[in-house]
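K.L.:
Mind looking over this structure? Questions follow.
The values are calculated or read from the model by the stated rules, or taken from the named source; none is laboratory data. What you are looking at is a predicted structure, and each value in this text was computed from that prediction instead of being measured. A quick note on method: Cβ atoms are made from the backbone with ideal geometry, for glycine too, and the neighbour counts reach across all protein chains shown. Surface areas here come from the heavy atoms of the whole protein model, side chains and all, with no ligands, DNA or RNA. Shrake-Rupley method; radii C 1.70, N 1.55, O 1.52, S 1.80 Å.
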Amino acid sequence: MYSFIATWPFALQAAQAAGTVLAAGGRALDAVIAGIHPVESDPAVESVGKGGFLNENGELALDAAVMDGDTLKTGAVCAVRGFEHPVDIARAVMEHTRHNILVGAGAEEFARRMGIPEAGMEALITPAAREAWQQVKTRGHDTIGAIALDENGSLAVATSTSGANGRISGRVGDSPIIGSGFYAETGVGAAAATGLGEDIMRTCCSFRCVDLMRAGLSAQAAAETVVRTAHEAIVRHGGRPDCIALVCMDAAGNTGAAANHKGFAFARAAQGLAPQVIEVTPVLDKDGENTFFDGVAGYER
Ligand code: GLY
């Protein structure tokens, strides 16, 4: 039985594309990449790929990652400019290098060597992204995190994001960081996070979620436990958590999802289940304002 889950309603198109690959007997790895491609190309998705949020210098610098649960191999790129499909560069890092992460100009040079099409940064920046950048404090750090289980029982995960609007140039969020933004181990489970990368990284959400499934928790219980304990740990240590949300899947294709805020939803496809969007009831309701811009140098323009 195949199964697919991805973060946010904009991933409905990902569920459709990945579901087609999986229904035809395709690999989980190919399915997550196929799922992410249309979201990266959609200029209306303001936090991924073309049309994504700009950094403080007005640049579109994208992060992406992929992990093959069969081999535990992973590839990621950070702050890549001028490429519509950073997830393809991440896959090339995984498949054609001995490295896990390439950043910035080095990742761009590697992508050229790999023959990955280059669009040029300006071609990927939309008027809406420029406008959001001018306003600086527009919210947003909504990653696509996609997980697939194929007919052979293989799990894979991939992520892609522009990161938060107005971020300091060079900032890296959770999405290309293994164990924080994503993790997959065939036979155990996979997880992907979305929300404020700084909070997700300091609580290592995705690896923890997979480890809880390894220890016997259901996918849903693992997702809820990770989000709740991450939020509570930040509070306990004097912080104010921003958005933290997670989707996950166990080795049998059962899924889980949790968030510490209202409004989170995910897209789902599976054998016998048409692609659909499902809303998540928060495990707790993060109070008040988002905290990302609180006291962060570089946001006072
Ligand atoms: N979760 C995406 C980011 O914070 O960059």
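K.L.:
Here are the criteria: (1) at pLDDT below 95; (2) more than 8 Å from the ligand (Cβ to nearest atom); (3) buried (at least 24 other Cβ atoms within 10 Å of the Cβ). Tell me which single one SER169 does not satisfy.
P.N.:
(3)
K.L.:
Count, please, the residues in segment 266-282 that happen to be in a strand (DSSP E or B), open to solvent by 10 Å² or more (accessible area, probe 1.4 Å) and farther than 14 Å from ALA193 by Cα. Step through it out loud before you land on a result.
P.N.:
Quick first cut of segment 266-282, residues in a strand (DSSP E or B) only: 266-270, 273-279.
From what's left, open to solvent by 10 Å² or more (accessible area, probe 1.4 Å): 266, 268, 273-279.
Restricting the remaining residues to those that are farther than 14 Å from ALA193 by Cα gives 268, 273-279.
Here the count works out to 8.
K.L.:
Kindly indicate the residue of segment 118-163 that is more than 16 Å from the ligand (Cβ to nearest atom) and within 14 Å of ARG81 (Cβ to Cβ) and also most open to solvent (accessible area, probe 1.4 Å) among those meeting that condition.
P.N.:
GLU122
K.L.:
Return the pairs, sorted by first residue and then second, in which the second residue is modelled with pLDDT of 95 or more and in a strand (DSSP E or B), the first residue lies in segment 51-69 and is more than 30 Å from ALA251 (Cβ to Cβ), the beta carbons are less than 6 Å apart, and the residues are 6+ apart or on different chains.
P.N.:
ALA61/ALA79; LEU62/VAL80
K.L.:
Continuing with the same structure: Name, by its number, the condition in (1) out of contact with any Asp or Glu (no Cβ under 8 Å at 6 or more places or on another chain); (2) more than 10 Å from the ligand (Cβ to nearest atom) that does not hold for ILE177.
P.N.:
It is condition (2) that ILE177 fails.
K.L.:
Right, next: Of the numbered conditions (1) farther than 29 Å from ALA132 by Cβ; (2) open to solvent by 10 Å² or more (accessible area, probe 1.4 Å); (3) not small (Gly, Ala, Ser), CYS209 satisfies every one except a single condition; which is it?
P.N.:
(2)
K.L.:
Considering only residues that are open to solvent by 10 Å² or more (accessible area, probe 1.4 Å) and away from the ligand (no atom under 16 Å from the Cβ), which ones fall in segment 180-206?
P.N.:
Listed by number, the residues that qualify are GLU185, THR186, GLY187, VAL188.
K.L.:
Something else: Might you check whether a residue that is of a type outside the set (Phe, Trp, Tyr), buried (at least 19 other Cβ atoms within 10 Å of the Cβ) and part of a helix (DSSP H, G or I) occurs anywhere in segment 52-60? Before the answer, list the steps.
P.N.:
Within segment 52-60, the subset of a type outside the set (Phe, Trp, Tyr) is 52, 54-60.
From what is left, the residues that are buried (at least 19 other Cβ atoms within 10 Å of the Cβ) are 52, 54-55, 60.
Still in the list and also part of a helix (DSSP H, G or I): none.
No, segment 52-60 has no match at all.
K.L.:
Next question. Among the listed residues ALA257, ALA191, which satisfies the condition of being touching a residue at least 60 places away in the same chain (Cβ under 8 Å) and under 16 Å from the mean Cα position of the chain (by Cα)? Even if it seems obvious, please write down each step before you answer.
P.N.:
Values: ALA191 fails: touching a residue at least 60 places away in the same chain (Cβ under 8 Å).
Testing whether each residue is touching a residue at least 60 places away in the same chain (Cβ under 8 Å) and under 16 Å from the mean Cα position of the chain (by Cα) leaves just ALA257.
K.L.:
Looking at the structure I just gave you, is ALA28 open to solvent by less than 10 Å² (accessible area, probe 1.4 Å) and not β-branched (Val, Ile, Thr)?
P.N.:
On the way: open to solvent by less than 10 Å² (accessible area, probe 1.4 Å): yes; not β-branched (Val, Ile, Thr): yes.
Judged against the criteria, ALA28 is a match.
K.L.:
With the condition kept exactly as written, say whether any residue in segment 95-111 is buried (at least 23 other Cβ atoms within 10 Å of the Cβ), part of a loop (DSSP other than H, G, I, E, B) and touching a residue at least 12 places away in the same chain (Cβ under 8 Å).
P.N.:
Checking segment 95-111: not a single residue is buried (at least 23 other Cβ atoms within 10 Å of the Cβ), part of a loop (DSSP other than H, G, I, E, B) and touching a residue at least 12 places away in the same chain (Cβ under 8 Å).
K.L.:
Right, GLY263: part of a loop (DSSP other than H, G, I, E, B) and modelled with pLDDT of 95 or more or not?
P.N.:
Criteria not met by GLY263.
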